[in-house]
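Colleague: Before we start, here is the structure in question, set down as structure tokens.
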Amino acid sequence: MSIINNIIKILKIKLIMQGVKILTGQGKIITDFNEAIQDIQDGATIIVGGFGLSGIPEYLILALREKGTKDLTIVSNNCGVDDWGLGLLLANKQIKKMVASYVGENKIFEKQFLSGELEVELVPQGTLAERIRAGGAGIPGFYTPTGVGTPIAEGKEHRLFNGRTHILEEGIVGDFAFVKAWKGDPLGNLVFRKTARNFNPLAATAGRITIAEVEHMVEVGALDSDEIHTPGIYVQRILEGKNYVKRIERRTVMRT
Amino acid sequence: MDTRTIIIKRAVQEIQNGMNVNLGIGMPTLIANEIPSEVHVLLQSENGLLGIGPYPVEGMEDPDLINAGKETVTAVIGGSFFDSAESFAMIRGGHIDLAILGGMEVSEQGDLANWMIPGKMVKGMGGAMDLVHGAKRIVVIMEHTNKYNESKIKKSCTLPLTGQKVVHRLITDLAVFDFTPEGMILLETQEGVTIDEVIEKTEASFTISANLTSDNGYVQKAPITT
């Protein structure tokens, strides 16, 4: 009898080993936004996802504002509006340098820039996206035709490819990255929603420490492996936020 | 018809069935409403959507669904979402057939300036610099003269450039020009506009297309080259 029991035991163990392994969380989940950002120091470089006010990491920005960390270099496509998104950090004079492609929505921005308080590097949107992607992908530099013959090409290496001039641009890596996603799991896997995706997947790869806030934290296995937009390997900390404001910058509707 | 309507009605003729099109913020966005229903195109939004649909019905606005101008939109069935690196790979990699952008100045070589007025307006270039190097065809739309009645079509741009020699076609409220290796050519005048008026109001030098003859009813008094 005991021989049969032992055989059954061994068979069971074999089945378990051959079966699908379900990963457990790896200790990435954080419940407190202040805790998530506690090691961000003055002078840090933070890559922030979002386009306009769509897909912005609202709670991480609010927590950073409350913490008051200053002399920050922020890399993000835009700077929010005066009273929401990254504009909150700007108004609180926490940003020393902004790397962005379009800052037109922000009056405080224009004021701080024209007065010299704020250092600005304007980067074409495609170049910015590719610089962040490259940074996270281990590509230190790449050539692009974007900006040739314009002020942004000044001082940059030029090179011909197929008879066309290109300029050398460098990858960007941040000390931290703030990412906003729609769904996430304890492994840090992320799924984004519609045009709230934008720079978030790129930012996720390019922060030495990536902090993701999600609308819905689901259990491991709930996200179909074929449909994950950002594999969890890029994400070090993940939190669920509740009651996102998701402000609309320009509400346009069909004329009836 | 006001100047915007004249420009938009001519610009929409550039959009052909089956094209993938990017419409810049500002006046170009208005072209979308004028695309005839029988012309099927996909409108690309640089922030990560191929297949921009009409503005949503009131009450159905989605903060996760906006266009490059940060306006709430819808997506057409069959459309797709992607991230910003993917979006600009699509643009820079030559996959967009046509980009229509606004302009502040265009030069006779086809240089475009549309992102900055030094000391006054520094909003940033957004995706414009990538678009002018990536899309297969660049059409610029703008008013022919500024509020001081000065020509916005220059011998050389005075404002910082968006791109050098990037414009293929320019459409204004007065005329349509093409840019070729041989220089700028006047192709058409808008209804009721004479060639002389165009010559008078344009700082840049251009030749006149052979198709523009007195058959069009426009009396040409000036010599062929200006």
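Colleague: What about residue B:130, is it touching a helix residue (DSSP H, G or I) at 6+ places or on another chain (Cβ under 8 Å) and crowded, with 24+ Cβ neighbours inside 10 Å?
Modeller: yes
Colleague: Can I ask one more? Test each condition in (1) in contact (Cβ under 8 Å) with a residue 40 or more places away in the chain; (2) out of contact with any helix residue (DSSP H, G or I) (no Cβ under 6 Å at 6 or more places or on another chain) for residue A:62 and report the one that comes out false.
Modeller: (1)
Colleague: Follow-up question, since we're still on this one. So in the stretch A:213-256, with the set limited to residues that are part of a strand (DSSP E or B) and either of a type outside the set (Asp, Glu) or surrounded by fewer than 13 Cβ atoms within 10 Å (Cβ to Cβ) (or both), which one is nearest to the other protein chains (Cβ to nearest Cβ)?
Modeller: A:250
Colleague: Follow-up. When you look at residue B:111, is it surrounded by fewer than 22 Cβ atoms within 10 Å (Cβ to Cβ), at the interface with chain A (Cβ under 8 Å from one of its Cβ atoms) and either without any contact (Cβ under 8 Å) to a residue 60 or more places away in the chain or closer than 21 Å to residue B:143 by Cβ (or both), yes or no?
Modeller: no
Colleague: Right, something else. Surrounded by fewer than 23 Cβ atoms within 10 Å (Cβ to Cβ), assigned to a strand (DSSP E or B) and not polar (S, T, N, Q): does that describe residue B:188?
Modeller: So residue B:188 passes the test.
Colleague: With respect to residue B:78, determine if the residue is farther than 19 Å from residue A:147 by Cα and at pLDDT below 95.
Modeller: Taking the combined requirement at face value, the residue does not satisfy it.
Colleague: Looking at B:166, B:106, B:140, can you tell me which residue is surrounded by 24 or more Cβ atoms within 10 Å (Cβ to Cβ) and within 13 Å of chain A (Cβ to nearest Cβ)?
Modeller: That would be B:166, the only listed residue that is surrounded by 24 or more Cβ atoms within 10 Å (Cβ to Cβ) and within 13 Å of chain A (Cβ to nearest Cβ).
Colleague: Anything in the stretch B:46-66 that is in contact (Cβ under 8 Å) with a residue 40 or more places away in the chain and either at the interface with chain A (Cβ under 7 Å from one of its Cβ atoms) or closer than 14 Å to residue A:50 by Cα (or both)? List them, or say none.
Modeller: If the condition is that a residue be in contact (Cβ under 8 Å) with a residue 40 or more places away in the chain and either at the interface with chain A (Cβ under 7 Å from one of its Cβ atoms) or closer than 14 Å to residue A:50 by Cα (or both), then B:46, B:47 are the ones that fit.
Colleague: Across the stretch A:164-179, what is the total count of residues that are open to solvent by 10 Å² or more (accessible area, probe 1.4 Å) and either within 11 Å of another protein chain (Cβ to nearest Cβ) or not hydrophobic (A, V, I, L, M, F, W, C) (or both)?
Modeller: Residues meeting the conditions: 6.
Colleague: Follow-up question, since we're still on this one. Just to be sure I understand, how many residues within the stretch A:113-148 are surrounded by 20 or more Cβ atoms within 10 Å (Cβ to Cβ) and part of a helix (DSSP H, G or I)?
Modeller: 12
The values are calculated or read from the model by the stated rules, or taken from the named source; none is laboratory data. Not measured: the values here are computed from a predicted model. When we count neighbours, we look across all protein chains shown, and the Cβ atoms used for this are built from the backbone with ideal geometry, even at glycine. With ligands, DNA and RNA removed, areas are computed over all heavy atoms of the protein, side chains included. Shrake-Rupley method; radii C 1.70, N 1.55, O 1.52, S 1.80 Å.
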